[in-house]
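Trainee: Please read through the structure below; I'll follow up with questions.
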Amino acid sequence: MDLQELKTKVCDAGKMLLKEGLVARTWGNVSIKVNDTQMVITPSGRKYDELTPNEMVLVDIYTLKYEGNLKPSSELKLHCQIYKTKPEIGAVIHTHQMFGSIVAAAQVDVQVLDENHQNILGGKMIKAAPYALPNTKKITMATAKAIENSNAALMSNHGVVCIGKDLEHVFDVARTLEKACELFIESKKAIV
Amino acid sequence: MEKEIAINTILGAHDFFLQQSAGYKSWGKVEVLQIAIRIEGNAYIINNENSDFSNLNKDDFQSNLLSENWIGSIFLKRKNINYILITKQEFATQIKEEIPPILDDQAQLLGVTIRVAKDNNGIVKAIKNRFAAVLQNGKSICIGNTLEDAYVAAQLLEKTSKAFMEAKFLGGAKSINKIEAWVMQQFYQFKYSKEALKNK
C-alpha cells in the first residue's frame, strides 16, 4: 500500500472515531505504521470531519521529525513509543470514550469479565496507567508500560489507548474495551 | 451581533444541535431549553422560558439589557462570552456537589471544578473562571464564545457528570491536582486552541 493510501485510511479512521462516538471534536488521535521507522498520524487540534488525507502527517518514529507544515497530534510520543516497543503493532488509537473515561476517572484497572472480550483485548485485566500531565514523558512511559501485556490501557483521568495489528483490529479493540468497561461498571453496581 | 441575526441563530439552533449531538451519543442526554445571545446596545436576546425549542417562532423572544439580571451579569463580566445556554441534562441534573477535576478534557474546557449554584444570585459566582455550572433546580448553565463552544461545554458537562456519578460504583472518581488542572486550562485556552487554529 502506498503512502497516499495509508493517509486516506488514517483520515477515514479519524472520521470513523467521531461517527462511533469514541472521540468528540478534536480529541483523540489515530496512527498507522508505514514501515519500521515511520508512521502516519492525524494532525494536532483539527476537527475530524474537516480533515483531508493530505493533512495526515508522516512522522519518524525514532526522531519525531515530521514532513510538511502541519503539526502531528500532540500525543505522537505515545504512538512512537508503542511502535518502538511493540514492533508487531500496526495501528494505535487514543480515544476519550465514555465508559473507558469513567473507569479512568476512578483510576482502577478493568477486570475483563467476558471471555470473548478477553480474547480481543489480549488479557483478563486492562491496566490503568497512573495519572500524569498529557503529552509528557511520564505519561508516555507509564502508558507504554501499562499496555505491555494487553491490547489496551487506560490513561488515568484522561482516556484510553488501544493497539492492533491494523486499523480494523484496533477499532475492534476500542469497541470491545468500551463494552468491557460498561460490563465492569454494571458488575460493581450489582454488588452495591 | 444584530438582533435579527441573533434571532435567526436561535431559530436555526435546534437543527444545529441535532447535527452536533450525533458525535456525543454515549455521553448522556442534553436538552437545550433557552439560548441567550449578546446583541448590540448592551443587551441580549433570549427565547422565552416555556417556549417549545423545537418549534420556535419570532414571537418567542425577548430582549433585555445587560444590567437587568444574572444572564446580563455574565455577559458584562465575561467580555469573550457571546452565548449562554440554559440546559436540562440527564446526569448533570443529578449533581448536588462540586465536581473536582476528574478528567483532563473537563479541566481544559470547563475549568478547574464544576460548581453548584444554590439560586440565580449564585450563578455568576459559580461560573467565574469556568464555562459550566449546575443549578439546584435541575438545570445547567453553559457558556461560550460561539454557539458551538457553548454546546461543547454542555456536552462535556454531561460527560463529566456521568463519569462522576458512575465512578462512585468503582470507589469514586479521583481528583487531578487542582493546580495542574488550572495549568491545563490556561494552556488549552491560551496556547493549544490558538495553535490548533493555525495548524492548517
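Condition check ((1) crowded, with 17+ Cβ neighbours inside 10 Å; (2) part of a loop (DSSP other than H, G, I, E, B); (3) more than 12 Å from chain B (Cβ to nearest Cβ); (4) in contact (Cβ under 8 Å) with a residue 12 or more places away in the chain) across all residues:
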residue: A:6; (1), (2), (3), (4): yes, no, yes, yes
residue: A:11; (1), (2), (3), (4): yes, no, yes, yes
residue: A:15; (1), (2), (3), (4): no, no, no, yes
residue: A:23; (1), (2), (3), (4): yes, yes, no, yes
residue: A:40; (1), (2), (3), (4): yes, no, yes, yes
residue: A:49; (1), (2), (3), (4): no, no, no, yes
residue: A:62; (1), (2), (3), (4): no, yes, yes, yes
residue: A:78; (1), (2), (3), (4): yes, no, yes, yes
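Trainee: Could you please find all residues in region B:18-66 being within 14 Å of chain A (Cβ to nearest Cβ) and not polar (S, T, N, Q)?
Mentor: Matches in region B:18-66: B:22, B:23, B:24, B:25, B:27, B:28, B:29, B:30.
Trainee: Within region B:181-200, take every residue that is part of a helix (DSSP H, G or I) and loosely packed, with under 15 Cβ neighbours inside 10 Å and give me the one that is farthest from the chain's Cα centre (by Cα).
Mentor: Of all residues in region B:181-200, those part of a helix (DSSP H, G or I) come to B:181-198.
Filter once more, keeping what is loosely packed, with under 15 Cβ neighbours inside 10 Å: B:183, B:186, B:190-191, B:194-195, B:197-198.
Working: B:183: 21, B:186: 18, B:190: 19, B:191: 21, B:194: 20, B:195: 23, B:197: 22, B:198: 25 Å.
Only one residue fits best here, namely B:198.
Trainee: Now, a different point. When residues of region B:163-180 are filtered for being more than 25 Å from residue A:185 (Cα to Cα) and either at the interface with chain A (Cβ under 7 Å from one of its Cβ atoms) or surrounded by 24 or more Cβ atoms within 10 Å (Cβ to Cβ) (or both), how many remain?
Mentor: Qualifying residue count, region B:163-180: 1.
Trainee: Residues of region B:52-67 being modelled with pLDDT of 85 or more and in contact with a strand residue (DSSP E or B) (Cβ under 9 Å, 6 or more places away or on another chain), which ones?
Mentor: If the condition is that a residue be modelled with pLDDT of 85 or more and in contact with a strand residue (DSSP E or B) (Cβ under 9 Å, 6 or more places away or on another chain), then B:56, B:60, B:61, B:62, B:63, B:64, B:65, B:66 are the ones that fit.
Trainee: Consider region A:80-128. How many of its residues are within 14 Å of chain B (Cβ to nearest Cβ) and within 22 Å of residue A:26 (Cβ to Cβ)?
Mentor: 11
Trainee: Among the residues that make up region A:39-60, is at least one of them modelled with pLDDT under 95 and either among the hydrophobic types (A, V, I, L, M, F, W, C) or out of contact with any helix residue (DSSP H, G or I) (no Cβ under 9 Å at 6 or more places or on another chain) (or both)?
Mentor: Among the residues of region A:39-60, at least one is modelled with pLDDT under 95 and either among the hydrophobic types (A, V, I, L, M, F, W, C) or out of contact with any helix residue (DSSP H, G or I) (no Cβ under 9 Å at 6 or more places or on another chain) (or both), which makes the answer yes.
Trainee: Could you go through region A:87-99 and let me know if any residue there is surrounded by fewer than 16 Cβ atoms within 10 Å (Cβ to Cβ) and either out of contact with any Ser or Thr (no Cβ under 9 Å at 6 or more places or on another chain) or within 15 Å of residue A:161 (Cα to Cα) (or both).
Mentor: Yes, region A:87-99 contains a residue that is surrounded by fewer than 16 Cβ atoms within 10 Å (Cβ to Cβ) and either out of contact with any Ser or Thr (no Cβ under 9 Å at 6 or more places or on another chain) or within 15 Å of residue A:161 (Cα to Cα) (or both).
Trainee: Please enumerate the residues belonging to region B:1-35 that are in contact (Cβ under 8 Å) with a residue 40 or more places away in the chain, among the hydrophobic types (A, V, I, L, M, F, W, C) and in a helix (DSSP H, G or I).
Mentor: Passing the criteria: B:7, B:10, B:11, B:13, B:16, B:17.
Trainee: Please work out which one of (1) in contact with a Gly (Cβ under 9 Å, 6 or more places away or on another chain); (2) closer than 23 Å to residue A:157 by Cβ; (3) crowded, with 21+ Cβ neighbours inside 10 Å is the condition residue B:160 fails and give its number.
Mentor: Every listed condition holds for residue B:160 apart from (1).
Trainee: Conditions first: (1) over 29 Å from residue A:156 (Cα atoms); (2) surrounded by fewer than 22 Cβ atoms within 10 Å (Cβ to Cβ). Residue B:21 passes all but one, so which condition is the exception?
Mentor: (1)
Trainee: OK, next. Anything in region B:40-51 that is surrounded by 11 or more Cβ atoms within 10 Å (Cβ to Cβ) and under 20 Å from the mean Cα position of the chain (by Cα)? List them, or say none.
Mentor: Across region B:40-51, the qualifying residues are B:43, B:44, B:45, B:46, B:47, B:48, B:51.
Trainee: Let me ask you something else. Return the residue satisfying two criteria in turn: it lies in region A:149-169 and is touching a residue at least 24 places away in the same chain (Cβ under 8 Å) and surrounded by fewer than 22 Cβ atoms within 10 Å (Cβ to Cβ), and of such residues it is farthest from the other protein chains (Cβ to nearest Cβ).
Mentor: A:165
Trainee: Identify, by number, the condition in (1) out of contact with any strand residue (DSSP E or B) (no Cβ under 6 Å at 6 or more places or on another chain); (2) within 30 Å of residue A:102 (Cβ to Cβ); (3) surrounded by fewer than 16 Cβ atoms within 10 Å (Cβ to Cβ); (4) of a type outside the set (Val, Ile, Thr) that residue B:33 doesn't meet.
Mentor: Condition (1) is where residue B:33 drops out.
Trainee: For region B:36-128, which helices (runs of 4 or more DSSP H) that fit wholly inside it have 3 or more residues that are within 27 Å of residue B:187 (Cβ to Cβ) and touching a residue at least 40 places away in the same chain (Cβ under 8 Å)?
Mentor: B:104-110
The values are calculated or read from the model by the stated rules, or taken from the named source; none is laboratory data. Quick caveat, the model's predicted, so the values are computed rather than measured. Backbone-built Cβ (ideal geometry, glycine too); neighbour counts: all protein chains shown.
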